[in-house]
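Novice: Here it is, the structure in full.
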Amino acid sequence: MNYKLINLDIKGDRRGKLISLEGNQNVPFDIKRVYYIFDTLPDEERGKHAHKNLEQIIIAIDGACQMVLDDGKKQEKVWLNTPEKGLYIGKNMWREMRHFSYGCKLMVLASDHYNPEEYIRDYDEFLKEVNG
Ligand code: TYD
């Protein structure tokens, strides 16, 4: 499975906590794009795609959601519910996001600019791509 949960180093003191994300340091790629998802609704699902080459780190800055990760052979579920962990997802991983808490905010760091051609949005096509 081409994903891992990364514990992010917290610079904390009595005033609160701070986490710094740096490309090619604690983020294992050059960061070319940042986007965030907010005003999420509990009954809505997102994602449902894979990327041919893109790498990403997803962080629940606020609230929680469940990530379903699928490499075409097996499926695993991970809860994102703390800004102290980043979910790294490499290429050729089908992902779905669901069970958003009200007001959940996800921040996503990506290794490349937005390119719709680089998405696989059809699950059967994804299975063909990864399993031959
Ligand atoms: P979508 O891929 O459906 O989001 P998710 O998979 O996270 O649920 O993207 C929603 C819309 O935003 C869609 O019209 C494409 C657009 N979009 C961009 O223009 N730039 C981006 O970097 C991303 C991630 C999406």
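The values are calculated or read from the model by the stated rules, or taken from the named source; none is laboratory data. Here the structure is a predicted model, which is why all the values come from computation and not from measurement. Note that each Cβ is placed from the backbone with ideal geometry, even for glycine, and that neighbours are counted across all protein chains shown. Surface accessibility is based on the protein's heavy atoms, side chains included, excluding ligands, DNA and RNA. Shrake-Rupley method; radii C 1.70, N 1.55, O 1.52, S 1.80 Å.
Novice: Could you list, ordered by first residue, the pairs with Cβ atoms under 9 Å in which the first is in the range 31-49 and within 12 Å of Ser101 (Cα to Cα) and in contact (Cβ under 8 Å) with a residue 24 or more places away in the chain and the second is within 11 Å of the ligand (Cβ to nearest atom) and open to solvent by 60 Å² or more (accessible area, probe 1.4 Å), at least 6 apart or interchain?
Specialist: Here the result reads Thr40/Arg46, each pair linking the range 31-49 to a residue that is within 11 Å of the ligand (Cβ to nearest atom) and open to solvent by 60 Å² or more (accessible area, probe 1.4 Å).
Novice: Related question: Does Asp124 fit the bill of being farther than 25 Å from Asn24 by Cβ, of a type outside the set (Gly, Ala, Ser), out of contact with any Cys (no Cβ under 9 Å at 6 or more places or on another chain) and open to solvent by 10 Å² or more (accessible area, probe 1.4 Å)? Before the answer, list the steps.
Specialist: Numbers: farther than 25 Å from Asn24 by Cβ: yes; of a type outside the set (Gly, Ala, Ser): yes; out of contact with any Cys (no Cβ under 9 Å at 6 or more places or on another chain): yes; open to solvent by 10 Å² or more (accessible area, probe 1.4 Å): yes.
When the stated conditions are applied, Asp124 passes them.
Novice: When you go through Asp43, Asp39 one by one, which is the residue that is in a loop (DSSP other than H, G, I, E, B) and modelled with pLDDT of 95 or more? Spell out the reasoning first.
Specialist: Details: Asp43 fails: modelled with pLDDT of 95 or more.
Of Asp43, Asp39, the one residue that is in a loop (DSSP other than H, G, I, E, B) and modelled with pLDDT of 95 or more is Asp39.
Novice: Take the residues in the range 51-71 that are part of a loop (DSSP other than H, G, I, E, B) and of a type in the set (Gly, Ala, Ser); name whichever of them is nearest to Phe100 (Cα to Cα).
Specialist: To start, the set of residues in the range 51-71 that are part of a loop (DSSP other than H, G, I, E, B) comprises 52-55, 63-64, 71.
Applying the additional criterion that residues be of a type in the set (Gly, Ala, Ser) yields 63-64.
Details: Gly63: 8, Ala64: 6 Å.
If we take residues in the range 51-71 being part of a loop (DSSP other than H, G, I, E, B) and of a type in the set (Gly, Ala, Ser), then Ala64 is nearest to Phe100 (Cα to Cα).
Novice: Is one or more of the residues making up the range 103-111 open to solvent by less than 80 Å² (accessible area, probe 1.4 Å), within 14 Å of the ligand (Cβ to nearest atom) and not hydrophobic (A, V, I, L, M, F, W, C)? Outline the logic, then answer.
Specialist: We begin by selecting, within the range 103-111, every residue open to solvent by less than 80 Å² (accessible area, probe 1.4 Å); these are 103-104, 106-111.
Checking which are within 14 Å of the ligand (Cβ to nearest atom) leaves us with 104, 106-111.
Of the ones still in play, those that are also not hydrophobic (A, V, I, L, M, F, W, C) are 111.
Among the residues of the range 103-111, at least one is open to solvent by less than 80 Å² (accessible area, probe 1.4 Å), within 14 Å of the ligand (Cβ to nearest atom) and not hydrophobic (A, V, I, L, M, F, W, C), which makes the answer yes.
Novice: Could you check the range 14-68 and list, in sequence order, the residues that are open to solvent by less than 60 Å² (accessible area, probe 1.4 Å), in contact with a His (Cβ under 7 Å, 6 or more places away or on another chain) and within 13 Å of the ligand (Cβ to nearest atom)?
Specialist: Within the range 14-68, Arg33, Cys65 meet the criteria.
Novice: Now, a different point. Mind counting the residues in the range 75-101 that are open to solvent by 50 Å² or more (accessible area, probe 1.4 Å), part of a loop (DSSP other than H, G, I, E, B), in contact (Cβ under 8 Å) with a residue 40 or more places away in the chain and closer than 25 Å to Ile10 by Cα?
Specialist: The qualifying residues number 2.
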